[in-house]
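Engineer: Here you go, one structure.
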Amino acid sequence: MPNQDFVGLVNSLQATAEAALGELNASSALARQDGLTATPDRARQTATRSLRLLTMLAEKTRGNLDMTEADLLSQAVTQLRERLAN
């Protein structure tokens, strides 16, 4: 059974990146309001920072996650890498 705090952390970092990139409507508005997406460069920096944190988390927890947690983290990293590559 996945640790809910871990799931929440991964989802939070992914949502921050998606909001910065304009993929979440309500969250994107809040991110703009908080100054996280003031400019396209700032939005990309915010998303890249979230990706770096998720990548570090994946490296540091390798071998210590259950299958559900590992899949969640892997998918989050993959999706953000693809999004930032475009």
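The values are calculated or read from the model by the stated rules, or taken from the named source; none is laboratory data. For clarity, every value in this text was computed on a predicted model and none was experimentally measured. Reconstructed Cβ throughout: ideal geometry from the backbone, glycine too, with neighbour counts over all protein chains shown.
Engineer: Out of Thr46, Thr55, I need the residue that is assigned to a helix (DSSP H, G or I), at pLDDT 95 or above, over 18 Å from Asn3 (Cα atoms) and not aromatic (Phe, Trp, Tyr). Which one?
Structural biologist: Result: Thr55 is the single residue among Thr46, Thr55 that is assigned to a helix (DSSP H, G or I), at pLDDT 95 or above, over 18 Å from Asn3 (Cα atoms) and not aromatic (Phe, Trp, Tyr).
Engineer: Here are some conditions: (1) loosely packed, with under 14 Cβ neighbours inside 10 Å; (2) at pLDDT 95 or above; (3) part of a helix (DSSP H, G or I). Glu82 meets all but one. Which one does it not meet?
Structural biologist: Single failed check for Glu82: (2).
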